[in-house]
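All remarks here apply to the structure that follows.
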Amino acid sequence: QVSVFNHKGEKTVSAPATFETGLLGARPFGNAKWISYEKAPLYTGTAYSIDLDFIIHRDNLGFCFGMQDAGSFVMWQINPYNGQKKDGKVLLRPHFKSGGNWTAYPGGPGNVQAIDITDAVGYTASELIGKTAHLRIEVDGRIVKTYLGKTADSLTLASTYTHSANIPLYDIGFRHSTQSGNDHEVASYDNIVVKDSHGKILYENCFTTDTVDFAGAAPIEVQNGMLRVGTDTAAGE
């Protein structure tokens with residue numbers, strides 16, 4: 001029914017009318033997507049560099065690039081935990097996720113080799129926890145070179161990895177496990193600079209303000225001038 005009021009406040013009510021609408025089947029819209037704003041990728045090129053300082057507070061860090069979405073990305077995990085630090089080694093453990101499934105990582109599908117980066121980073125596993133170090137990732141198509149050191153001025157080539165296909169940058173982010181138990185992964189990041197192959201800066205943040213620029217399920221905040229990801233008490237990723 002529709003009620004109409006004139007300038008005198010007199011009300012007229014229409015006769016009842018009906019119509020029907022409904023969804024046909026359990027998934028009537030198939031693969032339809034919501035019309036919404038989507039953030040543009042940071043860069044779709046396949047030649048770029050990423051520099052950042054980091055501190056591992058607990059267990060590991062997982063820095064991601066080639067991020068198309070939460071289910072497709074490359075993760076460079078720096079792992080000083082390594083069997084409760086029994087052998088003192090710091091490992092670089094490349095991980096690859098595609099379509100929501102891990103497609104390659106050390107010991108898993110594809111079984112990518114973990115790389116001993118202890119000498120390059122300049123710390124043993126136990127020494128690295130709580131220390132500031134620097135990571136540089138250089139991507140040129142399928143080739144990924146990883147440099148590490150105590151500072152940006154003292155880098156050593158730690159690994160040259162050849163992937164099966166070119167790796168566009170798309171976006172950057174973090175993947176930290178914060179499940180219950182002993183695998184809370186907590187790390188801080190600073191002075192992130194991403195450049196294309198010509199040296200043009202695509203993204204930079206030294207976290208001098210509370211601007212985070214990143215969002216996700218894991219706790220994330222600017223703390224002591226660095227971006228801290230993860231917590232000892234959270235659950236999820």
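The values are calculated or read from the model by the stated rules, or taken from the named source; none is laboratory data. Because the structure is predicted, anything quoted here is derived from the model rather than measured. When we count neighbours, we look across all protein chains shown, and the Cβ atoms used for this are built from the backbone with ideal geometry, even at glycine. Quick note on the areas: whole protein, heavy atoms, side chains included, nothing else; ligands and nucleic acids left out. Shrake-Rupley method; radii C 1.70, N 1.55, O 1.52, S 1.80 Å.
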Region 169-203, subset among the charged types (D, E, K, R) and modelled with pLDDT of 95 or more, residue nearest to Asp140 (Cα to Cα): Asp196
Does Tyr105 fit the bill of being among the aromatic types (Phe, Trp, Tyr) and out of contact with any His (no Cβ under 7 Å at 6 or more places or on another chain)? no
Can you tell me which residues in region 118-176 are surrounded by fewer than 19 Cβ atoms within 10 Å (Cβ to Cβ), assigned to a loop (DSSP other than H, G, I, E, B), of a type in the set (Lys, Arg) and out of contact with any helix residue (DSSP H, G or I) (no Cβ under 8 Å at 6 or more places or on another chain)? Lys131, Arg142
Being modelled with pLDDT of 90 or more and under 31 Å from the mean Cα position of the chain (by Cα) is the filter here; which residues of region 9-50 pass it? Pro41, Leu42, Tyr43, Thr44, Gly45, Thr46, Ala47, Tyr48, Ser49, Ile50
Test set (1) surrounded by 17 or more Cβ atoms within 10 Å (Cβ to Cβ); (2) out of contact with any Cys (no Cβ under 9 Å at 6 or more places or on another chain); (3) closer than 22 Å to Gly230 by Cα - Ala104 fails condition number: (3)
Does Gly108 qualify as being in contact (Cβ under 8 Å) with a residue 60 or more places away in the chain and not in a strand (DSSP E or B)? no
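Does region 157-167 contain any residue that is touching a Phe, Trp or Tyr at 6+ places or on another chain (Cβ under 6 Å) and in contact (Cβ under 8 Å) with a residue 40 or more places away in the chain? Write out each step before concluding.
First pass over region 157-167, keeping only residues touching a Phe, Trp or Tyr at 6+ places or on another chain (Cβ under 6 Å): 157.
Adding the requirement that they be in contact (Cβ under 8 Å) with a residue 40 or more places away in the chain leaves none.
No.
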State all residues of region 37-74 that are outside any strand (DSSP E or B), open to solvent by 30 Å² or more (accessible area, probe 1.4 Å) and over 19 Å from Ser164 (Cβ atoms); if no residue qualifies, say none. Tyr37, Glu38, Lys39, Ala40, Pro41, Leu42, Ala70
Any hit, region 223-234, residues being surrounded by 11 or more Cβ atoms within 10 Å (Cβ to Cβ), modelled with pLDDT of 90 or more, assigned to a strand (DSSP E or B) and touching a Gly at 6+ places or on another chain (Cβ under 9 Å): yes
Under 8 Å between Cβ atoms, at least 6 apart or on separate chains: pull out the pairs that start in region 142-156 with a residue that is under 14 Å from Val74 (Cβ atoms) and end on any residue that is open to solvent by 70 Å² or more (accessible area, probe 1.4 Å) and in a loop (DSSP other than H, G, I, E, B). Arg142/Ser164; Arg142/Asn166
